[in-house]
Amino acid sequence: MKKLLLILLVGVGFFQWYTRHSVTTGHHGAPHDQVIMYSLTTCGYCKEKAEQLRAEGIRFTEYYIDEDASRLNELNGKLSQAGFPPQGYGTPILDVHGAMLPNNPSLTEIKKHMKHEKG
């Protein structure tokens with residue numbers, strides 16, 4: 001019983017590390033030249049991120065996944081293709097030139113992937 005509990009705790013710890021690591025490093029899907037933000041109409045963080053992007057002069061397209069089921073399916077497909085485990089992610093979720101960045105990524109993280117993809 002103790003061995004089973006130890007294995008379970010190690011597995012949960014690895015999963016938490018993997019999730020944190022993948023969210024901050026970004027997984028890549030199909031490369032493209034766009035910045036896409038997947039938002040919820042009721043999300044204050046989404047509105048704030050949109051304002052930040054505009055203030056920085058970053059052109060982006062915003063899709064509301066709570067109003068458009070096809071965009072929600074598109075997002076889930078991109079997350080899956082990029083290797084993210086199936087779970088709930090916080091919004092906004094950005095697709096920056098093919099790098100999937102869930103959980104309201106920082107402007108620094110967004111710009112890092114823009115530079116990486118352009119270089």
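Residues that are within 16 Å of P105 (Cβ to Cβ) and either among the basic types (K, R) or not in a helix (DSSP H, G or I) (or both) within the range 41-53 comprise C43, K47, K49, listed in sequence order. Does the range 64-71 contain at least one residue that is surrounded by 14 or more Cβ atoms within 10 Å (Cβ to Cβ) and in a helix (DSSP H, G or I)? Yes. The single condition from (1) farther than 20 Å from M114 by Cα; (2) modelled with pLDDT under 95 that R71 fails is (2).
Taken as a whole, the structure places T61 among residues that are among the β-branched types (V, I, T), touching a residue at least 12 places away in the same chain (Cβ under 8 Å) and loosely packed, with under 14 Cβ neighbours inside 10 Å. Checking each residue in the range 80-108 for being outside any loop (DSSP other than H, G, I, E, B) and in contact with a strand residue (DSSP E or B) (Cβ under 6 Å, 6 or more places away or on another chain) picks out I93, L94, D95, V96, A99, M100, L101. The set of residues in the range 60-119 being within 13 Å of V35 (Cα to Cα) and of a type in the set (S, T, Y) consists of T61, Y63. All conditions but one from (1) surrounded by fewer than 12 Cβ atoms within 10 Å (Cβ to Cβ); (2) modelled with pLDDT under 95 apply to S80; the one that does not is (1).
The values are calculated or read from the model by the stated rules, or taken from the named source; none is laboratory data. Since this is a predicted model, take the numbers as computed values, not measurements. All Cβ positions, even for glycine, are placed from backbone atoms using ideal geometry, and neighbour counts span all protein chains on display.
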